[in-house]
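S.K.: Input: one structure, supplied below.
The values are calculated or read from the model by the stated rules, or taken from the named source; none is laboratory data. Source: prediction; values computed, not measured. Glycine gets a Cβ as well: all are built from the backbone with ideal geometry, and neighbour counts include every protein chain shown. Areas reflect the complete protein model, heavy atoms only, side chains present, ligands, DNA and RNA absent. Shrake-Rupley method; radii C 1.70, N 1.55, O 1.52, S 1.80 Å.
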Amino acid sequence: MQRRAVAVYVAFFLLVGSATGVLVTTAQTPGISFENPDYDLSSGDSFEVDGNEYTVAAITETEEGGGGHGGSVTTTITATVERNRTAEASESWANGSSVTLDGGEWSVRISGDDPSSFTLVEVLDRTAILEEDPNADNETIERDGEEYVVVTENGESRLVPANEYFPEPAERSYAVDDEFAYGDRTVTVDSVSSDAAVVVWMTTETVSTEIAQNSRVTIGDTEFVAHFEDASTLTLSTDFESFEAQQAAIDRHETRSDGLWRVMIVSLLSSGLFLAMAFMPSRY
């Protein structure tokens, strides 16, 4: 091949390759932005949706990939939005079971086939009572099938029936809809059956929502598109039409950039090929 012709071809492909390279490197990638977003939020900010208050608990940026082997690193930004809501909690106390109330232990007693109430019977700490009495042995004994406490006074010991020595346990009865203190809360008797009594109370629970970049998320009854301008700002918008138009523009830009990269690579390879052909020895 004549070297003049090769020079022309090489110059042409180099011109095309350099022109496409300039276009690729200088073209500005379109981004996502909203003129009037519903919310621009930072970590710790509170906002109201449909009458409920929400808080941006955290905005987190994580990196994946790389690994020290020249691999690409992908940055991911997510946010956690929380809301406190009131919910009903409950406990079921089985007939014959024990519950802790006012620092003591109480036994649940339910009588009848169709009860509307139950009774809490104090479980006496007999060991503690005996240990506090300097005149009584620390353990009860049995004689002829009956339980006794050995009491020693003035050097003489006598047997006192256990049911006479120990005090009558306290009792507390509660009917459906009754309220009473249980631990650090006030509970209401919701229902009573022959098997168990159910108490309920109101508590506060935290509901969390994880939000990813450019995702659609429903908060309350409202759907938003979420976008992170950076790792400190969360934008929520209901302008889906604008978001979809901008997303389409980004897709078109990426498609065109991929095409220009291919043109540049082919142009450079072609110029190299023509140069190699120009310096091949002629057979004639």
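S.K.: Take peptides 122-134, 74-86 and line them up by average Cβ neighbours within 10 Å, highest first, as a rough protection proxy. Spell out each step's value before the answer.
M.R.: On the way: 122-134: 12.6, 74-86: 15.2.
Ranking, from highest mean packing down: 74-86, 122-134.
S.K.: Further question on the same structure: What list of ³J(HN,Hα) couplings, whole Hz, do you get for the range 43-56 from phi and the Karplus terms 6.51, -1.76, 1.60, once you set θ to phi - 60° and write x for glycine and proline?
M.R.: 4, x, 6, 10, 8, 10, 10, 6, x, 10, 9, 10, 10, 7
S.K.: Using the Karplus curve 6.51 cos²θ - 1.76 cosθ + 1.60 with θ = phi - 60°, work out ³J(HN,Hα) for each residue of the range 132-146 in order, rounded to whole Hz, and write x for Gly and Pro.
M.R.: 7, 9, x, 8, 10, 5, 7, 9, 7, 10, 10, 9, 6, x, 10
S.K.: Using 0.36 nm times the number of residues separating Thr127 and Asn84, minus their current alpha carbon distance, what extension gain do you get? Walk me through the numbers on the way to the answer.
M.R.: Working: separation 43, 0.36 × 43 = 15.48 nm, distance 4.55 nm.
Extending this stretch completely gives an extra 10.9 nm.
S.K.: Nearest 0.05, what FRET efficiency do Ala245 and Thr204 give at R0 = 30 Å with Cβ-Cβ as r?
M.R.: Values: r = 42 Å, r/R0 = 1.39.
So the FRET efficiency works out to roughly 0.10.
S.K.: I've got another one for you. Measure off 7 Å from each Cα along the Cα-to-Cβ vector at Ala175 and Glu223, then give the distance between these two points in nanometres to one decimal.
M.R.: Using points 7 Å along Cα→Cβ, the separation is 5.2 nm.
S.K.: May I ask you to give the solvent-accessible area per residue for the range 147-214, in square angstrom, as obtained with a 1.4 angstrom probe? Can you show the working numbers first?
M.R.: Values: 4160 Å² over 68 residues.
Accessible area per residue, the range 147-214: 61 Å².
S.K.: Return the FRET efficiency for the residue pair Ser97, Ala162: r is the Cβ-Cβ distance, R0 is 30 Å, and the value is rounded to the nearest 0.05.
M.R.: Details: r = 24 Å, r/R0 = 0.79.
E(calc), rounded to 0.05, equals 0.80.
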